[in-house]
Amino acid sequence: MQTLAIENLKKIAPSIFTEIGANRTTEKYQHISTTRLIEGLRSEGFLPVWATQCRSRNDEQKAFTKHMLRFRHADAKATESGLFSEIVLVNSHDGLSSYRLMAGVYRLVCSNGLIAGKTYNDIRIRHQGDILGQVIEGTYTVIKDSKKMIDASERMSAIQLHPREKMIFAELAHNLRFEDSSMGEAIKPHKLLEPRRFDELKKDDLFTVFNVIQEHIMKGGIRGYVKNPNGRYKRVRTRAVTSIDQNTALNRALWSLAEKMMELKGA
């Protein structure tokens with residue numbers, strides 16, 4: 001398992017290491033650097049494997065901006081289908097958000113980081129009181145949810161979708177990503193169903209279809225055409241989702257869609 005050393009984290013998400021809260025925070029705000037949480041989780045065997053932070057146009061706010069990390073236990077082993085249980089932690093030092101813990105699953109074959117849907121625990125911890133203790137306690141609740149996600153993934157893998165059902169899933173996912181975007185006309189829903197790797201070409205199970213769609217939406221790179229006012233067509237390509245809020249919202253909504261489809265199929 002490849003983990004992120006402190007030196008790597010400082011380059012990827014330096015706001016993790018901020019030792020003070022932003023000026024806008026109140027006296028009730030209790031600042032604890034995310035570094036201390038990392039150390040606390042490390043003592044419990046959970047190691048950081050991925051990290052990112054929001055972009056900030058204001059140089060003064062970069063040190064306090066929102067960041068997200070994914071943790072995996074040192075003893076974690078992949079399932080037969082290549083899945084790992086993970087913990088997702090979101091925090092900022094600007095006083096605008098609480099600590100947030102969610103269950104996650106990592107799919108080895110396509111490097112997809114999934115996040116649990118709305119029926120799972122979304123633990124929020126205010127910047128007050130015994131923050132580290134609450135985060136560690138919440139971690140064990142969330143890791144149970146992650147294992148439930150893996151169980152659900154196995155059930156999804158046994159469900160075959162008909163072409164129309166795949167298209168319905170793609171249309172719903174398309175609405176989630178492009179409903180308020182000009183790219184909605186350029187990128188048609190069927191593009192979300194095009195596999196990126198050879199071994200997915202002949203697979204119609206729900207979990208594979210879900211992962212194909214999720215990867216397209218989160219990583220971008222889908223090509224399409226948009227018509228200019230002069231009548232000519234311009235080639236466009238979707239961008240990866242880099243916003244932490246959008247990442248978590250889309251990932252959770254997509255997982256919920258997959259579970260709803262599983263429910264409708266009677267599994």
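The values are calculated or read from the model by the stated rules, or taken from the named source; none is laboratory data. In this text the structure is predicted, and so the values were computed from the model without any measurement. Glycine gets a Cβ as well: all are built from the backbone with ideal geometry, and neighbour counts include every protein chain shown. The accessibility values were calculated without ligands, DNA or RNA, using every heavy atom of the protein model including side chains. Shrake-Rupley method; radii C 1.70, N 1.55, O 1.52, S 1.80 Å.
Working from Cα pairs under 8 Å separated by at least six residues, relative contact order for segment 59-158 is 23 percent.
Which loop trypsin sites (Lys or Arg not before Pro) in segment 96-181, with loop taken from DSSP, have no more than 13 other Cβ atoms within 10 angstrom of their Cβ? Can you show the working numbers first?
Values: sites: Arg100, Arg107, Lys118, Arg124, Arg126, Lys144, Lys147, Lys148, Arg155, Arg164, Lys166, Arg177; in loops: Lys118, Arg126.
Filter output for segment 96-181: Lys118, Arg126.
Any chance you could run the full-extension gain for Arg42 through Lys10? It's 0.36 nm times the residue separation minus the Cα-Cα distance, nm to one decimal.
Values: separation 32, 0.36 × 32 = 11.52 nm, distance 1.67 nm.
Length gained, Arg42 through Lys10: 9.9 nm.
Taking the Cβ-Cβ separation of Tyr140 and Thr35 as r and a Förster radius of 22 Å, what is the calculated FRET efficiency to the nearest 0.05?
Values: r = 21 Å, r/R0 = 0.96.
Efficiency, from the Cβ-Cβ distance: 0.55.
Judged by the ratio a/c of the largest to the smallest principal axis of the C-alpha gyration tensor, the chain counts as oblate, that ratio being 1.5 or greater while a/b is no larger than b/c. For the pair Phe198 and Arg235 in one chain, pulling the backbone fully straight at 0.36 nm per residue adds 10.8 nm over the alpha carbon distance.
Considering only Met156, Met167, Met102, the mean-square fluctuation computed in a Gaussian network model of the chain, springs between alpha carbons under 10 angstrom, is largest for Met167.
Leaving out ligands, DNA and RNA, and with a 1.4 Å probe, what % of the accessible surface on the chain is carbon or sulfur? Each step should come with its number before you reach the end.
Details: 6840 of 14210 Å².
C and S atoms contribute 48 percent here.
Of all complete DSSP H helices in the chain, those with a Cα span along the helix axis of 15 Å or greater and a mean Kyte-Doolittle hydropathy of -1.0 or more are 131-157, 163-178, 206-219, 244-264. The alpha carbon centroids of segment 180-233 and segment 92-124 are separated by 24 Å. Of the residues Ile131, Leu108, Leu192, the one whose Cα sits farthest towards the positive end of the charge dipole of segment 103-231 is Leu192 (charges of +1 on Lys and Arg Cβ, -1 on Asp and Glu Cβ, taken about the Cα centre). With protein chains left intact and a 1.4 Å probe, residues in the chain average 53 Å² of accessible area per residue.
Remark: the Phe17-Glu179 segment gains 54.7 nm on full extension, using 0.36 nm per residue and subtracting the alpha carbon distance.
For Tyr99, neighbours were defined as the other residues whose beta-carbon sits under 10 Å from its Cβ, and their charges (Lys and Arg +1, Asp and Glu -1) total +3. Measuring nothing but how far apart in sequence close Cα pairs (under 8 Å, 6+ apart) lie, relative to its length, the chain scores a relative contact order of 15 percent.
Under the definition of Cα pairs under 8 Å and six or more residues apart, what whole-number percent is the relative contact order of segment 203-260?
On the way: 46 pairs, mean separation 18.5, N = 58.
It comes to 32 percent, rounded to a whole number.
Straight Cα distances below 19 angstrom link Lys28 to the aspartates and glutamates Glu19, Asp94, Asp130, with same-chain residues fewer than 8 positions distant left out.
Show Leu254, Leu108 ordered by accessible area, largest first, where the area counts protein heavy atoms only and the probe is 1.4 Å.
Numbers: Leu254 0, Leu108 100 Å².
Most to least solvent-accessible, the answer reads Leu108, Leu254.
Counting each DSSP H run of 4 or more residues in the chain as -39500 (n - 2.57), what helix-only mean residue ellipticity at 222 nm follows after dividing by all residues, to the nearest 500 deg cm²/dmol? All intermediate terms of the calculation are to be shown ahead of the outcome.
On the way: 7 runs with 99 residues, N = 267.
Only helices count here, giving -12000 deg cm²/dmol.
Take each peptide in 227-233, 259-265, 207-213, count the other Cβ atoms within 10 Å of every residue, and average; sorted highest first, the result is 207-213, 259-265, 227-233.
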